[in-house]
Amino acid sequence: MDGINAAQPDLIAVVGDLVDGTVEDLGPAAEPLAGLRARHGSFFVTGNHEYFSGADAWVDHVRELGLRPLRNARVEVPAGFDLAGVDDVAGESEGQGPDFGRALGDRDRRAPRCSSRTSRS
C-alpha cells in the first residue's frame, strides 16, 4: 500500500475479483486496504468472484476498511467526472446483477464519466 499511497492518487478503484474465498478465511489478508489514501476516495465494485465467496459480506468488509462500494451506483467526483460501478452479472442469481439505468440514469449526460464493469474470469 505504501507504493500506491506514495503515488498520491486522486482516486483508487478496486474493480472486482478482489477475493476468491470468504471474509472469514481471507478477511485478514484484505486488512491492508484500510491504509489506502486517495484525494477523492477509494471505491470498490463487485466481480464474479465476490459472488462465489459471499458478495454481501465482502461489500460490508471493504466498507469497514474504508472503501466505498459502488453497487449499481454513481458518484460525482470532484475531479469533474462521474464514477459508476455496476454489479457483475454473476450477482443475478442473488437478485443483484448489473443495472446500468440505476447506475447512470440520472447523471448529467454532459459530464464526463468513468465506469467499471468487470468481465468474468
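The values are calculated or read from the model by the stated rules, or taken from the named source; none is laboratory data. From a predicted model like this one, the values you see are computed outputs, not experimental measurements. Quick reminder, even Gly has a Cβ in these numbers, built from the backbone with ideal geometry, and neighbours come from all protein chains shown.
Residues are listed down the side, and each one gets a yes or a no for (1) of a type outside the set (D, E, K, R); (2) more than 20 Å from Glu94 (Cβ to Cβ):
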{"position": "Pro9", "(1), (2)": "yes, yes"}
{"position": "Ile12", "(1), (2)": "yes, yes"}
{"position": "Asp25", "(1), (2)": "no, no"}
{"position": "Pro32", "(1), (2)": "yes, yes"}
{"position": "Arg39", "(1), (2)": "no, yes"}
{"position": "Tyr51", "(1), (2)": "yes, no"}
{"position": "Val59", "(1), (2)": "yes, no"}
{"position": "Pro69", "(1), (2)": "yes, no"}
{"position": "Ala73", "(1), (2)": "yes, no"}
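Examine the range 102-118 for a residue that is within 22 Å of His49 (Cα to Cα), at pLDDT below 80 and over 14 Å from the mean Cα position of the chain (by Cα), and state whether such a residue exists. Working first, answer last.
Looking only at the range 102-118, we keep the residues that are within 22 Å of His49 (Cα to Cα), and these are 103, 115-118.
The next check asks that each one be at pLDDT below 80; those that pass are 115-118.
Filter again for over 14 Å from the mean Cα position of the chain (by Cα), leaving none.
Scanning the range 102-118, I find no residue that is within 22 Å of His49 (Cα to Cα), at pLDDT below 80 and over 14 Å from the mean Cα position of the chain (by Cα), so the answer is no.
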Pairing a residue in the range 84-112 that is closer than 23 Å to Ile12 by Cα with any residue that is among the acidic types (Asp, Glu) and at pLDDT below 85, where Cβ atoms lie under 7 Å and the two sit 6 or more apart in sequence or on different chains, gives Arg107/Asp82; Ala111/Asp82
Checking Gly66 against (1) at negative phi; (2) surrounded by fewer than 18 Cβ atoms within 10 Å (Cβ to Cβ); (3) modelled with pLDDT of 90 or more: exactly one of these is not met. Which one? (1)
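So in the range 88-101, with the set limited to residues that are part of a loop (DSSP other than H, G, I, E, B) and at pLDDT 85 or above, which one is nearest to the chain's Cα centre (by Cα)? Write out each step before concluding.
The first filter runs over the range 88-101 and keeps only residues part of a loop (DSSP other than H, G, I, E, B), leaving 88, 95-99.
Narrowing the set further to residues that are at pLDDT 85 or above leaves 88, 96-99.
Working: Asp88: 11, Gln96: 14, Gly97: 14, Pro98: 13, Asp99: 15 Å.
Within the range 88-101, the match that is nearest to the chain's Cα centre (by Cα) is Asp88.
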Kindly indicate the residue of the range 61-87 that is charged (D, E, K, R) and in a loop (DSSP other than H, G, I, E, B) and also nearest to Gly21 (Cα to Cα) among those meeting that condition. Asp87
Working only within the range 42-56, note down all residues that are over 10 Å from the mean Cα position of the chain (by Cα) and either in a strand (DSSP E or B) or modelled with pLDDT of 95 or more (or both). none
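Which of the residues that make up the range 5-25 are among the hydrophobic types (A, V, I, L, M, F, W, C) and either touching a residue at least 12 places away in the same chain (Cβ under 8 Å) or in a strand (DSSP E or B) (or both)?
Our first condition is that a residue be among the hydrophobic types (A, V, I, L, M, F, W, C); within the range 5-25, this holds for 6-7, 11-15, 18-19, 23.
The answer is Leu11, Ile12, Ala13, Val14, Val15, Leu18, Val19, Val23.
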